[in-house]
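Here the structure is laid out as structure tokens; the discussion comes afterwards.
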């Protein structure tokens with residue numbers, strides 16, 4: 001079983017984890033009301049999904 005011969009330094013550990021950063025959510029425009037919406041979700045503003053009303057608008 002592979003066991004580390006020496007202890008990894010803090011710098012080496014942090015360099016390895018440097019790419020584990022959070023990303024901004026991807027948003028698309030609603031074709032009905034042009035609000036920003038997460039893809040494949042009902043628009044919370046107008047209630048439309050794929051060109052038809054899925055939820056009653058507020």
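All of the numbers you see were taken from the coordinates with simple rules; none came from a lab. Since this is a predicted model, take the numbers as computed values, not measurements. Every residue, glycine as well, gets a Cβ built from its backbone with ideal geometry; the counts of neighbours run over all protein chains shown.
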Q: Project the alpha carbons of the chain onto their principal axes and report the range along each, largest first, in whole Å.
A: 63, 24, 17
Q. How much mean residue ellipticity at 222 nm does the chain get from its helices, if each DSSP H run of length 4 or more adds -39500 (n - 2.57) and you divide by all residues, to the nearest 500 deg cm²/dmol?
A. -3000 deg cm²/dmol
Q) Order of 27-34, 13-20 by packing, highest average Cβ count within 10 Å first? A) 27-34, 13-20
**Q.** Mean separation of Cα contacts under 8 Å, 6 or more apart, over the residue count of the chain: relative contact order %
**A.** 17 percent
